[in-house]
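Take a look at the structure set out below.
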Amino acid sequence: MTLLIFDCDGVLVDSEVIAFDVLRQMLATLGKPMSLAECRQRFMGRRTPDVLAEIETELGHPIPADMGARMKVLLFERFRRELRPVAGVKDAIAHLEKPICVASSSPPERIALSLEVTGLAPLFDDHVFSAEQVAEGKPAPDLFLFAAKSMGVAPRETIVIEDSTPGVLAARRAGMSVVGFAGASHADDTLVAALHAAGADAVLTSMADLPGTIEKLRASQAVA
């Protein structure tokens, strides 16, 4: 049995461009303008509290206490209007053997909303895990190890599907195989290269290639 762990943002749902745009707006109000590309490069795959703490350090003073809450309201409003599943992900999952689960750096409320508005929630039942449930977020392995333990599967029998370098590093540190995905609307050639460099076993730009890639990794796990 092989467990498949899906990251959420940028793998299941095409959310990263929306999220980075909201973050960029927040940074502009704080007097720290940043491009979408720089936001992606620096913060993709990380927990919001870790991102805000880094921003506070760079600013040299605390950000407004309600900034995180205001950002969440704006983000959730846009998700309800704009969020879509990653192209081909439903068909890909339909061709995959189970078990599967979600393990995301996002808080539980955001993951639930993302899966609900895109129609993906029924595919995972209650097998959804958040970095808020562990001590350290990605690139630490805590979240993936927690998800695998909760699902009753050993790390060596687990394959992670990730779109960020912190996520790929976390999977590697957990002793898991990992497929890098660079097929959502925020992805480009630099992301493909970064996922390879971080140690992904394979990097895909289309969900149509996921079932075949998983089968190859399963075969290599069986041999090992």
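The values are calculated or read from the model by the stated rules, or taken from the named source; none is laboratory data. Being a predicted model, the structure only gives us computed values, none of them experimental. Quick reminder, even Gly has a Cβ in these numbers, built from the backbone with ideal geometry, and neighbours come from all protein chains shown. Note: accessible area is taken over every heavy atom of the protein model, side chains too, but ligands, DNA and RNA are not part of it. Shrake-Rupley method; radii C 1.70, N 1.55, O 1.52, S 1.80 Å.
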Give me the dipole magnitude in Debye, nearest 20, for segment 88-216 about the Cα centre, with unit charges on the beta carbon: positive for Lys and Arg, negative for Asp and Glu.
300
Rounded to the nearest 20 debye, what is the charge dipole size of segment 52-118 about its Cα centre when +1 sits on each Lys and Arg Cβ and -1 on each Asp and Glu Cβ?
320
What is the antiparallel percent of DSSP beta bridges lying wholly in the chain, to the nearest 5?
5
Considering the options 74, 164, 152, tell which one lies farthest towards the positive end of the dipole of segment 42-168, charges being +1 on Lys and Arg and -1 on Asp and Glu at the Cβ, about the Cα centre.
74
Taking only pairs that are 8 or more places apart or on different chains, how many Lys pairs in the chain have Cα atoms under 21 angstrom apart?
7
In whole Å and largest first, what semi-axes does the C-alpha gyration tensor of segment 111-151 yield when each eigenvalue is scaled by 5 and square-rooted?
22, 12, 7
Return the Cα extents of segment 83-224 along principal axes one, two and three, sorted largest first, each rounded to a whole Å.
36, 31, 29
Roughly speaking, what is the centre-to-centre gap between segment 13-66 and segment 154-219 when only Cα atoms are used, to the nearest Å?
24
Hull volume in cubic angstrom per residue (convex hull over the Cα atoms of segment 3-103)
110
Take peptides 2-8, 61-67 and line them up by average Cβ neighbours within 10 Å, highest first, as a rough protection proxy.
2-8, 61-67
Highest mean packing first, using Cβ neighbours within 10 angstrom, the peptides 163-174, 83-94 sort as 163-174, 83-94
Theoretical FRET efficiency, 1/(1+(r/R0)^6), r = Cβ-Cβ of residue 87 and residue 197, R0 30 Å, to 0.05
0.75
Shape box of segment 10-68 [Cα atoms, principal axes, largest first, Å]:
35, 20, 19
Whenever you get a sec, compute what percent of the accessible area on segment 1-106 sits on carbon and sulfur atoms (1.4 Å probe).
54
Sort 101-113, 194-206, 175-187 by packing, meaning the average of other beta carbons within 10 Å per residue, with the highest value first.
175-187, 101-113, 194-206
For segment 7-147: accessible area per residue (Å², 1.4 Å)
46
